[in-house]
Amino acid sequence: MQLKAKSTYNLELGNSCISDSCNPNDLTRYEWQEVAESVGARFVNIEVSCSDSREHEQRASNRESEVANLKLPDWQQIQNRHYEAWKTDVIKIDTSGKGIETSFAELIENLSA
């Protein structure tokens, strides 16, 4: 709740906010949408994925947390996560075989459309 409150305050001030999280179900997706809509802010769903399972596993296995003492999920935990398909509009960015710059450019193009 604290993160949502801070996001609401920033949105009320006219600042942009990004909720960067694994958001695999409708309930949490809808809650973030409510935060934005409660102050009349633009809300955009963006799903970033990697369709190549080998590449995804390699990325997950080699990443390091920037947060002290945060244990990142292993590949098996990632595969076992519950996921609900999107029922709302969403910009989908597949990062398979792409660098950060290419994926970001694709996102900016989709946001501008």
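The values are calculated or read from the model by the stated rules, or taken from the named source; none is laboratory data. This is a predicted model, so every value here is computed, not measured. Heads up, the Cβs are rebuilt from the backbone with ideal geometry, glycines too, and the neighbour counts pull from every protein chain shown.
Screening the candidates Val48, Val67 for the property of being modelled with pLDDT of 90 or more, of a type in the set (A, V, I, L, M, F, W, C), surrounded by 10 or more Cβ atoms within 10 Å (Cβ to Cβ) and within 18 Å of the chain's Cα centre (by Cα) yields one hit, Val48.
I'm trying to understand the selection: among the residues of the range 78-113, which are free of Cβ contacts under 8 Å to residues at least 40 places away in the same chain, more than 19 Å from Ser16 (Cα to Cα) and in a helix (DSSP H, G or I)? The answer is Ile78, Gln79, Asn80, Ile100, Glu101, Thr102, Glu106.
Being among the polar types (S, T, N, Q) and within 23 Å of Ser112 (Cα to Cα) is the filter here; which residues of the range 25-59 pass it? Those that are among the polar types (S, T, N, Q) and within 23 Å of Ser112 (Cα to Cα): Gln33, Asn45, Ser49. So is Val44 under 21 Å from Thr102 (Cβ atoms) and part of a loop (DSSP other than H, G, I, E, B) or not? Spelling it out, Val44 is indeed under 21 Å from Thr102 (Cβ atoms) and part of a loop (DSSP other than H, G, I, E, B). Restricting attention to the range 87-101 and to residues that are out of contact with any helix residue (DSSP H, G or I) (no Cβ under 7 Å at 6 or more places or on another chain) and surrounded by 12 or more Cβ atoms within 10 Å (Cβ to Cβ), the residue that is farthest from Arg29 (Cα to Cα) turns out to be Lys98.
Residue count for the range 55-77 satisfying the condition of being outside any loop (DSSP other than H, G, I, E, B) and not charged (D, E, K, R): 8.
For the structure I just gave you, tell me whether Ser53 is in the same structural domain as Ser103 (by TED's automatic domain parsing) and at pLDDT 90 or above. Yes: the conditions hold for Ser53. For the range 35-71, filtering for residues that are touching a Lys or Arg at 6+ places or on another chain (Cβ under 8 Å) and more than 18 Å from Ser19 (Cα to Cα) leaves 1. Checking every residue in the range 4-24 against the condition of being touching a Lys or Arg at 6+ places or on another chain (Cβ under 9 Å), of a type in the set (A, V, I, L, M, F, W, C) and within 27 Å of Ser112 (Cβ to Cβ) gives at least one match.
Answer yes or no: is there a residue in the range 69-85 that is of a type outside the set (D, E, K, R) and in contact with a Ser or Thr (Cβ under 8 Å, 6 or more places away or on another chain). Within the range 69-85 (the criterion being of a type outside the set (D, E, K, R) and in contact with a Ser or Thr (Cβ under 8 Å, 6 or more places away or on another chain)), the answer is yes, since at least one residue qualifies. Considering only the range 5-41, state which residues are of a type in the set (Ser, Thr, Tyr), in a helix (DSSP H, G or I) and closer than 18 Å to Tyr83 by Cβ. Once the filter is applied, which keeps residues that are of a type in the set (Ser, Thr, Tyr), in a helix (DSSP H, G or I) and closer than 18 Å to Tyr83 by Cβ, the range 5-41 yields Thr28, Tyr30.
Of the residues in the range 2-9, at least one is within 17 Å of the chain's Cα centre (by Cα) and touching a residue at least 24 places away in the same chain (Cβ under 8 Å).
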